[in-house]
1. Take every Cα pair under 8 Å in the chain that's 6+ residues apart, average their separations, divide by the length, and report that relative contact order as a whole percent.
2. Can you give me the % of accessible surface on the chain that is carbon or sulfur? Probe 1.4 Å, all protein chains present, nothing else counted.
3. Per the Kirkwood formula on distinct C-alpha pairs, the Rh of the chain is how many angstrom?
4. If you look at just the Cα atoms of segment 1-42, how large are its Rg and its Dmax in Å?
5. Quick check: residue separation of ASN74 and GLU17 times 0.36 nm, minus the Cα distance between them. What number comes out in nm?
Amino acid sequence: MKIQEALVARIYELCKERGLTINGLSTLSAVPPSTLKNIIYGISKNPGVVTIKILCDAFEITLAEFFDTDLFNNLEQEIE
């Protein structure tokens, strides 16, 4: 799994846990739906840490909690 795929999977996982849709997350976080959709569809390959922090605030978790999952802990190195 690549970082982008792990990021999208984690967003979906957290939305599911909280009963949120992507549009609901957009409303809660004030991140525009277009920005979230660009992340989800891979148009935005490297969303900024500020955007991820804002999403974490909406999920009421820390950045550490967002990334401290098997999704990220088991990623293969992408730089060759």
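1. The normalised contact order for the chain reaches 38 percent.
2. 54 percent
3. Hydrodynamic radius (Kirkwood, Cα pairs) of the chain is 12.8 Å.
4. 10.0, 29
5. 18.4 nm
The values are calculated or read from the model by the stated rules, or taken from the named source; none is laboratory data. Since the model is a prediction, treat every value here as computed from it, not as a measurement. The protein model used for the area step is the full one, side chains on, heavy atoms only, and it has no ligands, DNA or RNA in it. Shrake-Rupley method; radii C 1.70, N 1.55, O 1.52, S 1.80 Å.
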